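The structure that follows is given in the form of structure tokens.
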Amino acid sequence: MAKTATLTTRKADASRRRLVADRQALMRTFIRPESDAGRQSLVKYMEQILFGLHDFLKNHVGITEEIGLKALAERFTDTRISEHPEKKLEQVIADLIERIAPHAVNVASPYFVGHMTSAIPYFMVHLKTIVAALNQNIVKIETSKLLSIVEKQVLAKIHRLVFQKNEAFYRDHVQNAHTALGCFVEDGTLANYTALWVARNRMLKPTGDFPGVERGGMAAALNAYGIDRCVVLVTRFGHFSIHKAAGLLGLGNANVLAVDADARGRMDPRALEGMLEALRTSKERIRVMAVVGIAGTTETGAVDPLDRLAEICKTHGIHFHVDAAWGGPTLMSEKYRHLLAGIEQADSVTIDGHKQFYMPMTCGMVFFKDPFMLDAVAYYARYVNRPGSVDLGIRSISGSREANSLILDSALKIMGSKGYALLIEHGIETARAFAREIAQRPLFELVTPPVLNILTYRLCPPELKEKLRNVPPEEARRAARTLNTLNITLQRLQRQAGKSFVSRTTLAGTGPVPEGKVVLRCVIMNPMTTLDILKTILDEQESLYRNHLA
Ligand SMILES: Cc1ncc(COP(=O)(O)O)c(C=O)c1O
């Protein structure tokens, strides 16, 4: 046994020794294989990747293998870069498939319903490969040419889905070098950032000697405009990227103020009006930079009353941003697009490609109703991005970036809006059926019914449910805390069992304890997730409760 091990080690050592960094071998990796043999090996590697990873997805229904993060981390502690090549590509790919992938999370499993990351259509892998192979850089036309043109067209398609302007409008702007209907960014975070960046620069624009906030900075801007602070208004369900943006933009994230929401987590328009009035009459000189409405909150999937919020913002002349990072693609469903009514009145809208457009990680987009708005963040450079050029880097937080629009454009062609609508409708309708199932089971309580395809619920055994209702406040608080602990433990046990995954969050401001209500959160976007699968997940939770927690 020991002899075999030594032999294997020696063989491995010998093969490692054979690999030497060599200029000619290196050069070959930059040239497309011309020979039949070379071509075959390239195809073989692609097969290895596509089928090897596919087998991983097939064989690992659960979340991860049973090995803790700490133990895994111990395997990855060597911090030296090997001087000479360690492995050939074939070995590296095999290693990735056999040693890395099994410890990744099988987000494609239909039992993985806890997050906004899910299975993607398989053709996305092909499209992503094409993007990598072309390796265009969208920052400027000189490194992307047609791909920048394609990007403008895709932006116009999604802009049209959201804002529904007329044909003449899109004819004017689709390929107009002087205007921008939106831009691609890395993710929803940067999309929200871009929208607020534009809102800030437009509000604190140049005036008199003041060159504008982008040039003069926040302190000078507040001084020039005679204000003490700028605030952004959103409910407490706003994604934390709004807070990050406020920090980065120099507002200070304490100036993101929470507008009250109703029991379903939607912004209360009267509370918004009340807050605007309070700010207007406050002793401090406060300017509202933007109101953010959400179309699909991260935690519960709630949709704010966008039409009412749009009206209020219009009356007060405030930038209205809609964070539709999650819910945006619902617009493709004729059946459910009314859930986002009012989004077309927004000044700016965030939509993520890697969420309900089912694109591979990552793709954020932000759209502006007014095609000149992005001018507020335009930057030029002498060697690229010259005024008047089509260079898309002019109006973008990103510098170099990949041609993600090619993936979205191709996916739209492959699926059609009807194809996407089928996915969206499946999510919404399965979530509704699941909510009915939860409501029927005595051990559970539905906390936030789905508007889109996200819902929250919790384990709530009848005896504790009773205690929440008909007992003195102190006892109710104790019961609420017990319930919170039960749900935290349940979620952990299920995750550790590795067969399925729901996530967990705490809904602040609900229930008798100040720390809020711990709930289980389900996001249903995988078309393979059926009601039967969701019932199995509930069955598993019931048996975990009976065997470990009751
Ligand atoms: C409503 C909402 N906005 C913004 C984001 C941020 O998106 P990303 O994680 O792509 O930065 C998320 C992410 O979950 C979200 O749910």
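The values are calculated or read from the model by the stated rules, or taken from the named source; none is laboratory data. Given the structure is predicted, the values throughout are model-derived calculations rather than measurements. Virtual Cβ from ideal backbone geometry, glycine too; neighbours counted across all protein chains shown. Surface accessibility is based on the protein's heavy atoms, side chains included, excluding ligands, DNA and RNA. Shrake-Rupley method; radii C 1.70, N 1.55, O 1.52, S 1.80 Å.
Skip the ligands, DNA and RNA, and give the accessible area per residue of the chain with a 1.4 Å probe, whole Å². Provide the component values of the computation, followed by the final result.
On the way: 27480 Å² over 550 residues.
Heavy-atom accessible area per residue stands at 50 Å².
To the nearest 20 debye, what is the magnitude of the charge dipole of region 186-387 about its Cα centre, counting +1 on the Cβ of each Lys and Arg and -1 on the Cβ of each Asp and Glu? Walk me through the numbers on the way to the answer.
On the way: 22 positive and 22 negative charges, 79 e Å.
Once rounded to the nearest 20, the dipole reads 380 debye.
How far apart, in nm, are the 7 Å Cα→Cβ label points at I414 and A219?
About 5.3 nm, to one decimal.
Leaving out ligands, DNA and RNA but keeping every protein chain, what accessible area does I141 have, in Å² rounded to the nearest 10, with a 1.4 Å probe?
Estimated to the nearest 10 Å², I141 gives 50 Å².
For S118, tell me the accessible area in Å² from a 1.4 Å probe, rounded to the nearest 10.
Surface open to solvent at S118 totals about 20 Å².
Each residue of region 364-372 in order: what ³J(HN,Hα) in whole Hz does its phi give by Karplus 6.51 cos²θ - 1.76 cosθ + 1.60, θ = phi - 60°, with x for Gly and Pro?
So the Karplus estimates, Gly and Pro as x, are x, 9, 9, 10, 10, 4, 8, x, 9 Hz.
Residue farthest toward the positive end of the dipole of region 35-139, with Cβ of Lys/Arg at +1 and Asp/Glu at -1: which of L134, L89, I120?
L134
State the percentage of accessible surface on the chain attributable to carbon and sulfur atoms; use a 1.4 Å probe and exclude ligands, DNA and RNA.
Details: 15170 of 27480 Å².
It is 55 percent, rounded to a whole number.
Rounded to the nearest 0.05, what FRET efficiency do E463 and T117 give with R0 = 41 Å and r taken as the Cβ-Cβ distance? Could you check? Mind showing how you got there, number by number?
On the way: r = 37 Å, r/R0 = 0.89.
Taking R0 as 41 Å, the efficiency between E463 and T117 is 0.65.
Now, a different point. Which FRET efficiency value, to the nearest 0.05, is calculated for L279 and E98 with the Förster distance at 60 angstrom and r the Cβ-Cβ distance?
Numbers: r = 59 Å, r/R0 = 0.98.
For R0 = 60 Å, the calculated efficiency reads 0.55.
Could you give the radius of gyration (one decimal) and Dmax (whole number) of the Cα atoms in region 186-387, in Å?
Over region 186-387's Cα set, Rg and Dmax evaluate to 16.9, 54 Å.
Could I ask something else about it? For region 81-91, in order, what is each residue's ³J(HN,Hα) by Karplus, 6.51 cos²θ - 1.76 cosθ + 1.60 with θ = phi - 60°, in whole Hz (x at glycine and Pro)?
8, 5, 5, 10, x, 8, 9, 7, 3, 4, 5
So, one more: Could you work out [θ]222 nm for the chain from helices alone, using -39500 (n - 2.57) per DSSP H run of at least four and dividing by all its residues? Round to the nearest 500 deg cm²/dmol.
Result for the chain, helices only: -14000 deg cm²/dmol.
If you don't mind, another one. With θ set to phi - 60°, apply the Karplus curve 6.51 cos²θ - 1.76 cosθ + 1.60 along region 377-383 and write out the HN-Hα couplings as whole Hz, x wherever there is a Gly or Pro.
10, 6, 10, 10, 9, 6, 8
Could you grab the relative contact order for region 23-127? Cα pairs under 8 Å, six or more apart, rounded to a whole percent.
On the way: 49 pairs, mean separation 35.4, N = 105.
Result for region 23-127 is 34 percent.
Oh, and also: Which value, in debye to the nearest 20, gives the size of the charge dipole of region 37-101 about its Cα centre, when Lys and Arg are +1 and Asp and Glu are -1 at the Cβ? Please report the intermediate quantities before stating the final value.
Working: 9 positive and 11 negative charges, 38 e Å.
In total the dipole reaches around 180 debye.
Using the crude model of +1 on Lys and Arg Cβ and -1 on Asp and Glu Cβ, and no other charge, please compute the dipole size for the chain relative to its Cα centre, in debye to 20. Present the calculation step by step, with values, prior to reporting the outcome.
Numbers: 70 positive and 57 negative charges, 161 e Å.
About 780 debye.
Let me ask something else. Among the GluC sites (Glu not before Pro) in region 327-404, which ones are in a DSSP loop with at most 13 other Cβ atoms within 10 Å of the Cβ? Mind listing them? Intermediate values should be presented prior to the final figure.
On the way: sites: E334, E344, E402; in loops: E334, E402.
Answer in residue order: E334.
Considering only Cα-Cα distances, which of the following residue pairs are longer than 28 Å: K467/K499; K70/K355; K157/K205; K70/K499; K157/K355; K44/K418?
Working: K467/K499 32 Å; K70/K355 30 Å; K157/K205 30 Å; K70/K499 21 Å; K157/K355 18 Å; K44/K418 36 Å.
Checking Cα-Cα distances, K467/K499; K70/K355; K157/K205; K44/K418 exceed 28 Å.
Moving on to the next point. Farthest toward the dipole's positive end in the chain, which of G364, A168, T330, given Cβ charges of +1 (Lys, Arg) and -1 (Asp, Glu) about the Cα centre?
G364
Give the calculated FRET efficiency between R32 and F76 to the nearest 0.05, with a Förster radius of 45 Å applied to their Cβ-Cβ distance. Kindly include the intermediate steps, with their values, before the conclusion.
Details: r = 33 Å, r/R0 = 0.74.
That gives a FRET efficiency of 0.85.
Right, something else. Heavy atoms only, 1.4 Å probe, whole protein assembly: order F112, F76 by accessible area, highest first.
Working: F112 15, F76 135 Å².
Most to least solvent-accessible, the answer reads F76, F112.
Pull up the cross-link candidates among the lysines for K465, meaning alpha carbon to alpha carbon under 18 Å and not fewer than 8 places away within one chain.
Counting by Cα, and skipping residues close in sequence, K465 has these lysines nearby: K517.
Given the options G399, L190, L69, identify the residue whose Cα lies farthest towards the positive end of the charge dipole of the chain (+1 on Cβ of Lys, Arg; -1 on Cβ of Asp, Glu).
Projecting each Cα onto the dipole axis, the largest value belongs to L69.
V256's amide H: which non-local residues (gap 5+, or another chain) put their own amide H closer than 5 Å, with H modeled 1.01 Å from N in plane and none for Pro or chain starts?
Close amide H contacts, sequence-distant or interchain: V232.
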